[in-house]
Amino acid sequence: MRLEWMTDSRTLQYKNKSESCPKDVDSKEEIIVINKKILLVEDDQDIRETLIELLEGEGYEVIFAENGQVGLDKLSQIKMLPNLILLDLMMPIKDGFQFCAEKDANPKIAHLPVVVMSADGHIRENQQRVNARAYLKKPLDIYEIIDIVEKYCV
């Protein structure tokens with residue numbers, strides 16, 4: 001499956017195309033949250049690359065991870081935390097549910113807002129389950145993505 005930016009539409013749509021070791025931040029170090037930084041956790045490479053291009057084009061710095069474990073590793077290695085986490089729920093290795101459980105158990109990163117992205121029909125139920133601030137239903141609407149990101153990255 002491939003996510004493409006359709007120029008005649010507001011929606012990113014799927015098109016069938018034939019088909020680090022964690023390092024704890026020293027507790028004495030200052031952790032800074034900046035306004036224009038996003039952690040994108042998405043296993044689908046095409047979706048990930050499209051979202052990175054879209055968000056960087058809007059002036060955001062995007063850190064990306066291909067699964068929840070890599071996302072947690074990156075959060076533990078950086079001093080300047082993102083303002084927002086865009087999170088796919090269904091991923092290999094560590095899914096969005098496991099990611100959120102571990103994030104919420106870590107006081108250094110528990111406060112970071114999460115917006116979930118999913119094609120799952122139970123998105124609102126899953127949003128509550130992971131305590132997400134908002135949800136984006138796939139296929140993704142580019143204006144909705146930008147609106148939500150702007151809400152948390154001002």
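The values are calculated or read from the model by the stated rules, or taken from the named source; none is laboratory data. The model shown is predicted, which means the values in this text are computed figures rather than measured ones. Methodologically, a virtual Cβ is constructed for each residue, glycine included, from the backbone with ideal geometry; neighbour enumeration extends over all protein chains shown.
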Segment 39-54 - residue that is of a type in the set (A, V, I, L, M, F, W, C) and not in a helix (DSSP H, G or I) and, of those, nearest to Gly68 (Cα to Cα): Val41
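May I ask you to list the residues in segment 114-132 that are at pLDDT 90 or above and farther than 21 Å from Ile47 by Cα?
From segment 114-132, those at pLDDT 90 or above are 114-117, 132; that's our starting set.
None; the set is empty.
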Identify the single condition in (1) in a helix (DSSP H, G or I); (2) within 15 Å of Lys37 (Cα to Cα) that Glu102 does not satisfy, given that it satisfies every other one. (2)
Single match in Leu87, Leu75 (criterion: modelled with pLDDT of 95 or more, farther than 21 Å from Ile146 by Cβ and among the aliphatic types (A, V, I, L, M)): Leu75
Name the residues in segment 114-154 that are part of a helix (DSSP H, G or I), of a type in the set (S, T, N, Q) and surrounded by 15 or more Cβ atoms within 10 Å (Cβ to Cβ), would you? Asn126, Gln127
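Which of the residues that make up segment 119-136 are of a type outside the set (A, V, I, L, M, F, W, C) and closer than 18 Å to Tyr152 by Cβ?
Residues satisfying the conditions are Gln127, Asn131, Arg133, Tyr135.
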Quick check: anything in segment 117-128 under 14 Å from the mean Cα position of the chain (by Cα) and farther than 20 Å from Ile52 by Cβ? yes
Do you know which of the residues in segment 55-84 that are closer than 19 Å to Val116 by Cα and in a loop (DSSP other than H, G, I, E, B) is farthest from the chain's Cα centre (by Cα)? Tyr60
Given the condition surrounded by 18 or more Cβ atoms within 10 Å (Cβ to Cβ) and of a type in the set (Val, Ile, Thr), answer yes or no: does some residue in segment 98-109 qualify? yes
In segment 122-130, is there at least one residue being in contact with a Leu (Cβ under 7 Å, 6 or more places away or on another chain), over 18 Å from Cys100 (Cβ atoms) and of a type outside the set (Lys, Arg)? no
